[in-house]
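For reference, the structure discussed in these notes is given below.
The values are calculated or read from the model by the stated rules, or taken from the named source; none is laboratory data. For clarity, every value in this text was computed on a predicted model and none was experimentally measured. Here the Cβ is made from the backbone with ideal geometry for all residues, glycine too, and neighbour counts use every protein chain on show.
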Amino acid sequence: MAKGISIQSPLRRHPVDGFWERTTTSLDTAKADLRNLLLTVPGERLMVPDLGLSPKRELFENIFDKEAYSDKVHAQVSKYMPYIVVNQIIITTMDDDPSMPAYHVYIKLFFHMKDFENLSDFVEHLFSN
């Protein structure tokens, strides 16, 4: 039977025992949790309509408000994942990088575990229409 803390994201079958692969460290679990928060569209989760950071709805606006999105990230992480501290948020749009396709946003979040500053990592994703 698979041992671990939580299910690894994205879902993959464990090659030996057939169950889902699992995270084995607190840092891997925090990274998977943060990735899931980043990919969740607000309103997608039943009974918790404000959970989610996916910028899918903002992709078609004329200007992507990076400051408002960063504030939203800090608010959501402190509310739903108080064991994580976001150190830096890098948001790249077509305005920053002309080689990036229209209606795409690249987001990279650097974080560390609240009580363990030496446990740090990052999560990144390219959102597209």
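As a summary of the residue check, Met47 satisfies the conditions (1) out of contact with any helix residue (DSSP H, G or I) (no Cβ under 7 Å at 6 or more places or on another chain); (2) in contact (Cβ under 8 Å) with a residue 12 or more places away in the chain except for the one numbered (2). In segment 74-86, the qualifying residues are those that are in contact with a Leu (Cβ under 8 Å, 6 or more places away or on another chain) and in a helix (DSSP H, G or I), and the one that is nearest to Val41 (Cα to Cα) is Gln76. All told, Ser54 meets the bar of being of a type in the set (Gly, Ala, Ser), surrounded by 15 or more Cβ atoms within 10 Å (Cβ to Cβ) and either touching an Asp or Glu at 6+ places or on another chain (Cβ under 9 Å) or free of Cβ contacts under 8 Å to residues at least 24 places away in the same chain (or both). The residue that is surrounded by the most Cβ atoms within 10 Å (Cβ to Cβ), among those in segment 77-100 that are of a type in the set (A, V, I, L, M, F, W, C) and within 19 Å of Leu39 (Cβ to Cβ), is Val77.
The residue that is nearest to the chain's Cα centre (by Cα), counting only those in segment 1-50 that are at pLDDT below 75 and basic (Lys, Arg), is Arg12.
Evaluating Phe60 against the criteria (1) under 17 Å from the mean Cα position of the chain (by Cα); (2) in contact (Cβ under 8 Å) with a residue 24 or more places away in the chain; (3) under 29 Å from Ala102 (Cβ atoms) leaves one unmet condition, (1). When segment 101-114 is limited to residues that are among the hydrophobic types (A, V, I, L, M, F, W, C) and surrounded by fewer than 16 Cβ atoms within 10 Å (Cβ to Cβ), the one that is modelled with the lowest pLDDT turns out to be Ala102. All of Asp121, Asp71 fail the test of being at pLDDT 95 or above, assigned to a helix (DSSP H, G or I) and either within 12 Å of the chain's Cα centre (by Cα) or not polar (S, T, N, Q) (or both), apart from Asp71. Scanning segment 28-60 for residues that are out of contact with any His (no Cβ under 8 Å at 6 or more places or on another chain), among the basic types (Lys, Arg) and in a helix (DSSP H, G or I) yields Lys31, Lys56, Arg57. For segment 63-89, the set of residues classified as over 16 Å from Ile107 (Cβ atoms), free of Cβ contacts under 8 Å to residues at least 40 places away in the same chain and among the hydroxyl-bearing types (Ser, Thr, Tyr) consists of Ser78 only.
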